[in-house]
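Student: Before we start, here is the structure in question, set down as structure tokens.
The values are calculated or read from the model by the stated rules, or taken from the named source; none is laboratory data. On a predicted model such as this, the values are computed, not experimentally measured, just so you know. Note that each Cβ is placed from the backbone with ideal geometry, even for glycine, and that neighbours are counted across all protein chains shown.
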Amino acid sequence: MPRAAEPRVLAVHAHPAYERSLEAAVDVLLELGAVDADQVVLDRAAGFLPELLLRFPEAGRQFDPRNLEGARVLALAARVRELLGDTIELREYVLDDYLVLYAIHDRAVHLLTLRHHRQDGFSLES
């Protein structure tokens, strides 16, 4: 019987900026009185998504910055490479009303940050 292929990814790690941005998203929903929505976002971003990416790390699309020459985009790419090295695959996943930026590197998925679709740009500041 043929052996099953070894999984591409063995772990999912949440960067501090991901945790901070998730907390901020939940806080906004609580301030708006969306008590059920905050738990849904938390469950999907902290439970569903890591489990999905562990099995299917390419579930998100390739990160395609709209303005490759923009200073913020170049700084973001440099910061991610500083954190993880040059051999990364940068991707984004649409999670309901949010975009999650993540990287595949060294047999792990690194959840980098999350933003509401109406926000401008990603931030890796924790």
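Student: Just need a number here: residues in the stretch 32-53 that are in a helix (DSSP H, G or I) and either among the small types (Gly, Ala, Ser) or in contact with a Pro (Cβ under 8 Å, 6 or more places away or on another chain) (or both).
Tutor: Counting residues in the stretch 32-53 that are in a helix (DSSP H, G or I) and either among the small types (Gly, Ala, Ser) or in contact with a Pro (Cβ under 8 Å, 6 or more places away or on another chain) (or both) gives 4.
Student: Another question, if that's okay. Restricted to the stretch 15-37, and to residues that are more than 16 Å from Leu99 (Cα to Cα) and of a type in the set (Asp, Glu), which residue is surrounded by the most Cβ atoms within 10 Å (Cβ to Cβ)?
Tutor: Among residues in the stretch 15-37 that are more than 16 Å from Leu99 (Cα to Cα) and of a type in the set (Asp, Glu), the one surrounded by the most Cβ atoms within 10 Å (Cβ to Cβ) is Asp27.
Student: Also: State yes or no: is Glu82 within 20 Å of Val12 (Cα to Cα), acidic (Asp, Glu), at pLDDT 90 or above and in a helix (DSSP H, G or I)?
Tutor: Answer is no for this residue.
Student: Taking the stretch 85-107 as the region of interest, how many residues are outside any strand (DSSP E or B) and either over 14 Å from the mean Cα position of the chain (by Cα) or not aliphatic (A, V, I, L, M) (or both)?
Tutor: 7
Student: Can you tell me which of (1) within 15 Å of Glu51 (Cα to Cα); (2) surrounded by fewer than 19 Cβ atoms within 10 Å (Cβ to Cβ) is the one Asp106 doesn't meet?
Tutor: (1)
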